[in-house]
Amino acid sequence: MHIAVIIHDRCQYKKCNYECKNYCPMVRMGTDTVVIDEKGRPRIIEELCEGCGICAHKCPFEAIKIIGLPRELEEDLVHQYGENGFRLYRLPFVQKGKVVGLLGPNGVGKTTSLNILSGNVIPNLGNYNKEPNWDDVIEYFSGSVMADYFSKLRDGEMRTVLKPQYVDKIPRVFKGRVKELLKNVDEQGKIDEIAAMLGIENSLERFVDQLSGGELQRVAIAATLLKDGDVYFFDEPSSYLDIYQRLNVARIIKNLSKEKNVFVVEHDLAIMDFISDVVHILYGSEGAYGVVSQIRATRNAINSYLEGYLREENIRFRDWKIEFTEHPPKRPLELPTLIQWPYIEKSYGDFKLEVYPGEIKIGEVIGVVGPNATGKTTFVKILAGVVKPTKGEIDSEIKVSYKPQYVKSDYDGTVEELLYSVLKDRMSVSFFKAEVLHPLKIKHIYNKDVQSLSGGEMQRLAIAICLGLEADLYLLDEPSAYLDSNQRMIAAKVIRRVMENTGKSALVVDHDVYFIDIISDSVMVFGGEPGKRGTGKGPYPMREGMNLFLKNVGITFRRDGETRRPRINKPGSYNDRDQKERGEYYYG
């Protein structure tokens, strides 16, 4: 069985010569396999297609995918978005009393799965020309627990609640104070209780458009928890949160699962490991199709995902493994110094930041860790020259390239036009194409308008532009936000390779422990009292820095015996107590 998919946001039919039709062997033999509709868009008649893939290779915009799939999947088609559109095979299953995790790259059906399970989309079972109805869906799933689930959804006996993925869009749809927003959705009379649980009690009187990304995320979670539902869906609940907040939210969601059905989409693998009881892996081809795997125990699922191979189903969905080093990278002590800073102070109203003397060496990648609102972004802006310190001065003439925490652009044009306007000569450099643009898949969004990019697409573009500028020091603030697990690991490796091959230095702020583990030679540690005072120290060697950071947070990590990935220890467990006694919070 093969499927023919046209990714419409890549298809630039007004700018091509219809190579898909002109090079098709079947068309040349007189069969209308590829036709042009009344709007000028190409359509591939799948029943007539031989699956040769020539149209996919000839398309100048890589908008066509011809994919061979196992014939057994034909009976598992749950939803299709029109002719030559994306297809979803199978669905996640409800597990009472457990948190069901959905793990997989962007564009393979996680959000579609949530929309179907929440009742926002009625699956058409592949019959995209027919109006879908719940009766057909219930009959299709008859004999399984999902038939009962969809029956209750159809009859209004089950209520679903969905936390949106892009919380930074909340200020666009709601103007007012946080307390007003929460009152509008409060069905349980627990605003004060839930606000205290999430640590947003001091934000209730603030206007929504004044909140940081982390505050918006916790407000969105609070709004979800205040609704009275039977099934709760949390789409990327950890974005913009620091590790302490992520663990707190994870515990709240786990407690919720004791009474309600809970699904979670999460790209931070450490948090997915901590929060989920069972996991479905979703694999496929971005924008073309997605398959929901069998349900697995969390450890087994994450290890299979890192390996890129599902043993039970004999499916390899990625041709490379995500690997972790067992021991922390050694700090390059012999490298010359690029930049030094003295004791620095910066005050903002009631907030005071203190950064102790430190230095960055040439060719070094420094990770920056610490709670939100303790001055990490402020320090990055000081290094970038965007903010002047209140006390202390950095005497340096180095060139800096800076990717801010919140990525947005007012540019009115396509991605390709923006890249050429900003990077100019770099666009023709083979190293930049091979080591940055290609792995970040920037070419796939060349013809998209910058204003129409998703959060993940905008993040990848911002990373590419930052690395494309000529500089001595690259500053990247939360580059993993809105990237899926695959993209995070790829972005980490891209940043490391660029620094290793060019001899440049980077300072990277992020909350994903796996990301920091892969990318960093050493770490800076920030602490203090969020919103009131912050302290920055280091850089430290990885072992020393991570132990100091996690000791402040109060959690320990162990290494998985199979993949060597960091795993969060259950608080109070034997491993947790033993590592705390030995002072080995991360490499224990």
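Worth pointing out:
- Picking from residues in the range 182-230 that are without any contact (Cβ under 8 Å) to a residue 40 or more places away in the chain and of a type in the set (Asp, Glu), the one that is surrounded by the most Cβ atoms within 10 Å (Cβ to Cβ) is Glu215.
- Residue in the range 240-252 that is among the charged types (D, E, K, R), open to solvent by 10 Å² or more (accessible area, probe 1.4 Å) and either touching a Lys or Arg at 6+ places or on another chain (Cβ under 8 Å) or at pLDDT 95 or above (or both) present: no
- Taking (1) closer than 30 Å to Leu216 by Cα; (2) hydrophobic (A, V, I, L, M, F, W, C); (3) surrounded by fewer than 19 Cβ atoms within 10 Å (Cβ to Cβ) in turn, Phe431 satisfies each apart from (1).
To keep it simple, each residue is scored yes or no on (1) closer than 11 Å to Thr535 by Cα; (2) at pLDDT below 90; (3) surrounded by fewer than 20 Cβ atoms within 10 Å (Cβ to Cβ).
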position: Pro332; (1), (2), (3): no, yes, yes
position: Leu335; (1), (2), (3): no, yes, yes
position: Ile339; (1), (2), (3): no, no, no
position: Gly349; (1), (2), (3): no, yes, yes
position: Lys352; (1), (2), (3): yes, no, yes
position: Ile362; (1), (2), (3): no, no, yes
position: Val365; (1), (2), (3): no, no, no
position: Gly370; (1), (2), (3): yes, no, no
position: Thr374; (1), (2), (3): yes, no, no
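- Members of the range 74-99 that are in contact with a Ser or Thr (Cβ under 7 Å, 6 or more places away or on another chain) and under 17 Å from Asp235 (Cα atoms): Leu91, Pro92, Lys98, Val99
- Counted residues, the range 556-584 - those being in contact with a strand residue (DSSP E or B) (Cβ under 7 Å, 6 or more places away or on another chain), under 15 Å from Val513 (Cα atoms) and open to solvent by 10 Å² or more (accessible area, probe 1.4 Å): 4
- Those residues of the range 110-136 which are closer than 16 Å to Leu77 by Cβ, over 31 Å from the mean Cα position of the chain (by Cα) and not in a loop (DSSP other than H, G, I, E, B), in sequence order: Asp136
- Residue satisfying condition, being under 23 Å from His2 (Cβ atoms), in contact with a Gly (Cβ under 6 Å, 6 or more places away or on another chain), modelled with pLDDT of 95 or more and hydrophobic (A, V, I, L, M, F, W, C), within set Leu88, Leu125: Leu88
The rows are residues; the columns are (1) open to solvent by 40 Å² or more (accessible area, probe 1.4 Å); (2) at pLDDT below 90.
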residue	(1), (2)
Gly392	no, yes
Lys399	yes, no
Val407	yes, yes
Asp410	yes, yes
Leu419	no, no
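- The range 398-425 residues that are free of Cβ contacts under 8 Å to residues at least 40 places away in the same chain, paired with ones that are open to solvent by less than 60 Å² (accessible area, probe 1.4 Å) and among the aromatic types (Phe, Trp, Tyr) (beta carbon under 7 Å, 6 or more apart): Thr414/Tyr446; Glu416/Tyr446
- Elements of type strands (runs of 3 or more DSSP E) contained in the range 347-454, each with 3 or more residues being aliphatic (A, V, I, L, M): 365-369
- Any hit, the range 472-491, residues being farther than 21 Å from Lys361 by Cβ, surrounded by fewer than 21 Cβ atoms within 10 Å (Cβ to Cβ) and either touching a Cys at 6+ places or on another chain (Cβ under 9 Å) or of a type in the set (A, V, I, L, M, F, W, C) (or both): yes
- Residue pairs whose Cβ atoms lie under 7 Å apart, sitting 6 or more positions apart in sequence or on different chains, and linking a residue in the range 156-170 that is open to solvent by 60 Å² or more (accessible area, probe 1.4 Å) to a partner that is among the basic types (Lys, Arg), do not occur here.
- Summed over the range 500-526, the residues that are of a type outside the set (S, T, N, Q), closer than 25 Å to Tyr587 by Cα and out of contact with any Lys or Arg (no Cβ under 8 Å at 6 or more places or on another chain) give a count of 9.
- Counting only strands (runs of 3 or more DSSP E) that sit wholly inside the range 502-560, those with at least 3 residues that are at pLDDT 90 or above are 505-509, 522-529, 533-541.
Let's see how each residue does on (1) under 26 Å from Asp484 (Cβ atoms); (2) of a type outside the set (Phe, Trp, Tyr); (3) out of contact with any helix residue (DSSP H, G or I) (no Cβ under 7 Å at 6 or more places or on another chain):
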{"position": "Thr390", "(1), (2), (3)": "no, yes, yes"}
{"position": "Tyr402", "(1), (2), (3)": "yes, no, no"}
{"position": "Tyr411", "(1), (2), (3)": "yes, no, no"}
{"position": "Arg426", "(1), (2), (3)": "no, yes, no"}
{"position": "Phe432", "(1), (2), (3)": "yes, no, no"}
{"position": "Leu437", "(1), (2), (3)": "yes, yes, no"}
{"position": "Leu440", "(1), (2), (3)": "yes, yes, no"}
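- Considering the conditions (1) at pLDDT below 90; (2) out of contact with any Lys or Arg (no Cβ under 7 Å at 6 or more places or on another chain); (3) open to solvent by 10 Å² or more (accessible area, probe 1.4 Å), Ile465 is excluded by exactly one of them, (1).
- Check on Pro105, in contact (Cβ under 8 Å) with a residue 40 or more places away in the chain, within 28 Å of the chain's Cα centre (by Cα) and part of a helix (DSSP H, G or I): no
- Test: residue in the range 60-72 that is farther than 30 Å from Val231 by Cα, surrounded by 15 or more Cβ atoms within 10 Å (Cβ to Cβ) and among the charged types (D, E, K, R): yes
- Any hit, the range 263-281, residues being surrounded by fewer than 22 Cβ atoms within 10 Å (Cβ to Cβ), among the small types (Gly, Ala, Ser) and either outside any strand (DSSP E or B) or within 16 Å of the chain's Cα centre (by Cα) (or both): no
- Among the residues of the range 1-36, the one identified as touching a Phe, Trp or Tyr at 6+ places or on another chain (Cβ under 7 Å), under 27 Å from Val450 (Cβ atoms) and either open to solvent by 40 Å² or more (accessible area, probe 1.4 Å) or among the polar types (S, T, N, Q) (or both) is Gln12.
- Val99 closer than 24 Å to Ala297 by Cα, modelled with pLDDT of 95 or more and either loosely packed, with under 15 Cβ neighbours inside 10 Å or within 21 Å of the chain's Cα centre (by Cα) (or both): yes
- Selection count, the range 530-546, where residues are open to solvent by 10 Å² or more (accessible area, probe 1.4 Å) and over 19 Å from Arg246 (Cβ atoms): 10
The values are calculated or read from the model by the stated rules, or taken from the named source; none is laboratory data. Predicted model only: the values in this text are computed from it and were never measured. Neighbour counts run over all protein chains shown; Cβ positions are idealised from the backbone, glycine included. Each accessible area value is taken on the protein alone, full model and side chains, heavy atoms only, with ligands, DNA and RNA left out. Shrake-Rupley method; radii C 1.70, N 1.55, O 1.52, S 1.80 Å.
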